[in-house]
Every structure is written in structure tokens, then in C-alpha cells.
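Notes for the one structure printed next.
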Amino acid sequence: MMRDTRLRGLSAEHQDALLFGRRLLEVSTAPEQELNPAWEVLRRRFFAEVQPHFLTEEQELLPALESLGEEALVARVWEDHEALRALVTDEAEPLRIRLEKLGLRLIAHVRFEEAQVFELAQRRLPPEVLERIARRTPPPPTRTGG
């Protein structure tokens, strides 16, 4: 199904998040001396790029879906967001393990949202909610052919 134009900004951010997840997995296999410097860059990226995306979903998308009776779906998204934030901030586990878990969980989360959450949102959410979401996200980059 084609993505509703008002959700394309969030979908474009998902594509970036997939690349970010793959980068986390790559770094998780790096030599020990490269882990901490790479992690500092990736941690800053998480808070600069992923966290604002989560906030848009949590403040606009999730309440609207919950009002439609989609409590289980909303709970799953919240659980994923909280688990991903915990992997970034909780230093109880070794860094290499957290990097791998964060990468895997982020990739799985994005795929879940694209396949289930956004499909449902574009079918059932009122236009005014989709418009608010669109206003909070940058439009996807324009692709040119040739």
C-alpha cells in the first residue's frame, strides 16, 4: 500500500532509523578500542534524531490510535520506545551487547511500525490528526531521476 503523504515524513525518518540500526550492529563488532568513541557519536545521534521521532509518535500518533481502541498496538509501541531508551541510557550491560541489542530492536521496531502501525494509521486516523503529524515532521527528500 502506498504511504499517505502526511505520514511520509515519519516514514523517511524510519528509513534513516534502519540505517542507524545497521550502523549500531556494525559498531557492535568493532575492535574494543573503537567502541566508546563510536558509541558517543551514536548516542548523540539517538537523542538528536530518534528521540524527536518518538516524541512525535507519542504526542500525536499514539493518543489518536488509542482513541480508536488500538490499546494493544499502542502499548507495543510504548514498550519498544521505553526499551530502546533504556538501552541507550542504562549502562548495566557491556557496551558491545547494548549496541547489538539496540540495533536489532530498532530495526525490528521500525519494521513493525511501517507494516502495522502506519498501515492502520493511514486507514483509520482522521485527516486533522494526519495533518498535525505532517506539520511536525520534515517532508521526505525529493528524489530526482536521471
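The values are calculated or read from the model by the stated rules, or taken from the named source; none is laboratory data. Keep in mind the model is a prediction, meaning the values are calculated, not measured. Because the Cβ atoms are built from the backbone with ideal geometry, glycine has one as well, and the counts that use them run over all protein chains shown. Quick note on the areas: whole protein, heavy atoms, side chains included, nothing else; ligands and nucleic acids left out. Shrake-Rupley method; radii C 1.70, N 1.55, O 1.52, S 1.80 Å.
Evaluate the range 52-64: report whether one residue or more is over 14 Å from residue 10 (Cα atoms), free of Cβ contacts under 8 Å to residues at least 12 places away in the same chain and open to solvent by 20 Å² or more (accessible area, probe 1.4 Å).
Going through the range 52-64, the residues over 14 Å from residue 10 (Cα atoms) turn out to be 63-64.
Next, from what is left, pick out any that are free of Cβ contacts under 8 Å to residues at least 12 places away in the same chain: 63.
Checking the rest, the ones that are also open to solvent by 20 Å² or more (accessible area, probe 1.4 Å) come to 63.
Yes, the range 52-64 has at least one match.
Yes or no, residue by residue, for (1) among the small types (Gly, Ala, Ser); (2) over 30 Å from residue 30 (Cα atoms); (3) within 13 Å of the chain's Cα centre (by Cα):
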site	(1), (2), (3)
52	no, no, yes
58	no, yes, yes
63	no, yes, no
78	no, yes, yes
114	no, no, yes
120	no, yes, no
129	no, yes, no
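Taking residues in the range 1-27 that are on the phi < 0 side of the Ramachandran plot, and partners anywhere that are outside any helix (DSSP H, G or I) and among the hydroxyl-bearing types (Ser, Thr, Tyr), the pairs with Cβ atoms closer than 7 Å and at least 6 places apart or on different chains are 9/137; 10/137; 13/137. Criterion applied to 85, 45, 96, 76 was being surrounded by 12 or more Cβ atoms within 10 Å (Cβ to Cβ), farther than 16 Å from residue 7 by Cα and touching a Ser or Thr at 6+ places or on another chain (Cβ under 7 Å), and the one residue passing it is 96. Screening 65, 102, 55 for residues that are in a helix (DSSP H, G or I), hydrophobic (A, V, I, L, M, F, W, C), out of contact with any helix residue (DSSP H, G or I) (no Cβ under 7 Å at 6 or more places or on another chain) and modelled with pLDDT of 95 or more leaves exactly one candidate, 55. Here the range 1-42 is the region considered, the condition is being outside any loop (DSSP other than H, G, I, E, B) and among the acidic types (Asp, Glu), and the residue that is most open to solvent (accessible area, probe 1.4 Å) is 32. Considering the range 99-112, the residues that are hydrophobic (A, V, I, L, M, F, W, C) and either at positive phi or free of Cβ contacts under 8 Å to residues at least 60 places away in the same chain (or both) include one that is least open to solvent (accessible area, probe 1.4 Å), namely 112. For the range 123-143, a tally of residues being assigned to a helix (DSSP H, G or I), more than 21 Å from residue 18 (Cα to Cα) and in contact with a helix residue (DSSP H, G or I) (Cβ under 7 Å, 6 or more places away or on another chain) returns 4.
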